[in-house]
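See below for the structure under consideration.
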Amino acid sequence: MIEPTEAHVTTVAQEEGPPAALETRPRRWVSVLAWLTVTPFAIWAVLRLIPADVHFRWVQLVGFTPYVALLSVVAPIVALVSRRWKALAASLLVTAVLAACTLPRTTVTDVDDGGPSLRILSSNLMIGAAPPPALVDLVRRLRPDVLTLQELTPEAAEGLDEAGLGQLLPYKVVRSKPGTGGSGIYARYPLTPGQAIDIGGFGQARATLAAPDGRPVEIVSVHPCAPRYQDRYQCWADGLAALPSPSGSRHVLAGDFNATLDHARVRRLLDEGYSDAADVTGDGLSTTWPYQPWHFNGFGIPPVTLDHVLVSSGVTVRAFSVQVVPATDHRAVFAELGLTAR
């Protein structure tokens, strides 16, 4: 047997050394890629669980949580393919948290057929741009007992009267204003005007309805400021904080909340005892805005769920749907409710 010479050994070492070194580097980059993929979703999940709106920019972003939850499945796929087991475990936990925040909105809970019916329709008119005849036709078709309107201008209120809304819903409490701050409540049953919630120029009309079961229901046409700019953030927060507590009499809050169920201030309303009609019927991911092109820093905004019907105890949910109103960037929301004793 011929023993290898020193030169031969050296040559073999030189040939075998570099591949081992090069093999370590890709492994390191694969690990970095796996963790870089999961980290943004982990940060989002942590912020979503905090019971507060932590920053103005977060208020603008958190409404897109359902989309982020869907995209988060990329992280465990990357970790699995790269065989990074710790990253896989972390990414599965993050995806589970985000799924737990969103998927319950697709399941039906506590739909009740008891008690007299109360139908609610709510629509943001986009500074009065929605054609009054189209809205009146929708009222005629759906036969709501209560209609709440946002961005109700004096011209729009006059147009609705001329289109015959008063023949269908003869009672009204109207706080129309030029621009985006007006609102109103129209009803089939008598209304007693309440103190409007007027913050930052946004007037949220408020009234007590003489319901068909003989007991009152407080109605609010919800529309706080849109937190589009930082100087409107506090107005938005105060407008939501001023909404009535669900304790005491029965309440229905219907309108454009400029917030989704992922915003901490709306979650606080649910924690206090309100129920979201869409959430109850499994339609909680039905989007309502924008339905005209909207862009932010050059990027198109995917639709989110800003419009809601919230009900207190003593009011149950039977059905929910999203309706098209022409010439406005919002979809209307319609809920059939049931009235029970508290």
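None of the figures in this text is laboratory data; all of them are computed from the coordinates on show. Since the structure is predicted, the reported quantities are computational estimates derived from the model, not experimental observations. All Cβ positions, glycine included, derive from the backbone under ideal geometry; neighbour counts span all protein chains shown.
Of the trypsin sites (Lys or Arg not before Pro) found in the range 217-288, those in coil by DSSP whose Cβ has at most 13 other Cβ atoms within 10 Å are Arg228. Fewest neighbouring Cβ atoms within 10 Å first, the residues Tyr186, Tyr274, Tyr233 line up as Tyr233, Tyr274, Tyr186. Residues whose amide H comes within less than 5 Å of that of Gln323, counting only those at least five positions distant or on another chain, are Ala332, Val333, Phe334 (H built at 1.01 Å from N in the peptide plane). Remark on Val317: its backbone amide H falls under 5 Å from those of Asp112, Gly338, a criterion applied only to residues 5 or more positions apart or on other chains, H modelled at 1.01 Å from N.
From least to most packed, judged by other beta carbons within 10 angstrom and beginning with the fewest, Asp110, Asp276 follow the order Asp110, Asp276. Quick one: Cα centre-to-centre distance for the range 175-250 and the range 115-153, in angstrom? The distance from the Cα centre of the range 175-250 to that of the range 115-153 comes to 15 Å.
Full extension of the chain between Ser249 and Glu272 gives 6.9 nm of extra length, using 0.36 nm per residue less the Cα-Cα distance. Taking P(r) over Cα pairs in 10 Å bins from 0, in percent as calculated from this structure, the corresponding entry among (1) 5, 23, 28, 18, 9, 6, 4, 3, 2, 2, 1, 0; (2) 5, 18, 24, 22, 13, 8, 7, 3, 0; (3) 6, 26, 36, 25, 8, 0 is (1). The slack in the chain from Val73 to Thr109, taken as 0.36 nm per residue of separation less the alpha-carbon distance, amounts to 10.3 nm. Spin-label pair Tyr229-Ala52: with each label point 7 Å from Cα along the Cα-Cβ axis, the two points sit 2.7 nm from one another.
Each of Ser313, Ser122 has some number of other Cβ atoms within 10 Å of its Cβ, and from fewest to most they run Ser313, Ser122. For the chain, the mean residue ellipticity at 222 nm estimated from helices alone is -11500 deg cm²/dmol, where every DSSP H run of n ≥ 4 contributes -39500 (n - 2.57) and the total is divided by all residues, rounded to the nearest 500. Based on Cα contacts under 8 Å between residues 6+ apart, the range 58-180 shows a relative contact order of 20 percent. Annotation: amide H-H contacts under 5 Å for Tyr171 (H modelled 1.01 Å from N, sequence separation of 5 or more, or interchain): Ala187. Can you give the relative contact order of the chain as a percent, counting alpha carbon pairs under 8 Å and 6+ residues apart? For the chain, the relative contact order is 18 percent. Here the relative contact order of the range 27-108, from alpha carbon pairs under 8 Å that lie six or more residues apart, stands at 40 percent.
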